[in-house]
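Undergrad: The structure is given below, and queries will be raised subsequently.
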Amino acid sequence: MASDGCHSKSLAADLEYTVLTVSISHNQPLTVEHIGALMTSHSSGVCERLKRLGFAQQNRMKLYGEEFELLSDPFIVGNDLVFVDAIERKSRQQRRVRIPLPIVKMANQERRAA
């Protein structure tokens, strides 16, 4: 996991990964590792901006009409699909909560503007 607390997770524990190879110029393969390195840089920036917006471990936040105590920093599962682990304050149930898409898109736009 990345040292900044931002990382990717799989929603299914038994998810299998397949290595993909795509040919690019000069017949050099582009592997999942290359794509992962590019995504890690992008993901790290998006997660950092989301944490500055309050989506950070140990913060309290109201989402979808419910109050949550955040147990994790944001983690990216897919394109524009970002979650935090949290406890719903009223029921005390642990849940994986999706960060609303408009907020994720705003964090992506801040990256492009910087």
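Undergrad: Give, in nm to one decimal, the length gained when the segment between ASN79 and GLN93 is fully stretched (0.36 nm per residue of separation minus the Cα-Cα distance). Walk me through the numbers on the way to the answer.
TA: Working: separation 14, 0.36 × 14 = 5.04 nm, distance 2.70 nm.
Answer, rounded to one decimal: 2.3 nm.
Undergrad: Could you list the square roots of 5 times each eigenvalue of the Cα gyration tensor of the range 39-82, that is, the equivalent ellipsoid semi-axes, sorted largest first and rounded to whole Å?
TA: Numbers: eigenvalues 81, 25, 13 Å².
One finds semi-axes of 20, 11, 8 Å for the range 39-82.
Undergrad: A further question follows. Taking the Cα-to-Cβ direction at ASN108 and at ARG60 and moving 7 Å from each Cα, how far apart do the two end points lie in nm?
TA: 3.2 nm
Undergrad: Express the Stokes-Einstein translational diffusion coefficient of the range 45-114 in µm² s⁻¹, to the nearest whole number, given a Kirkwood radius over alpha-carbon pairs, 4 °C and a viscosity of 1.567 mPa s.
TA: Values: Rh = 12.1 Å.
This corresponds to a translational diffusion coefficient of 107 µm²/s.
None of the figures in this text is laboratory data; all of them are computed from the coordinates on show. Every value quoted in this text rests on a predicted model; they were computed, and no experiment measured them. Neighbour counts are summed over all protein chains in view; Cβ atoms, including those assigned to glycine, are modelled from backbone coordinates with ideal geometry.
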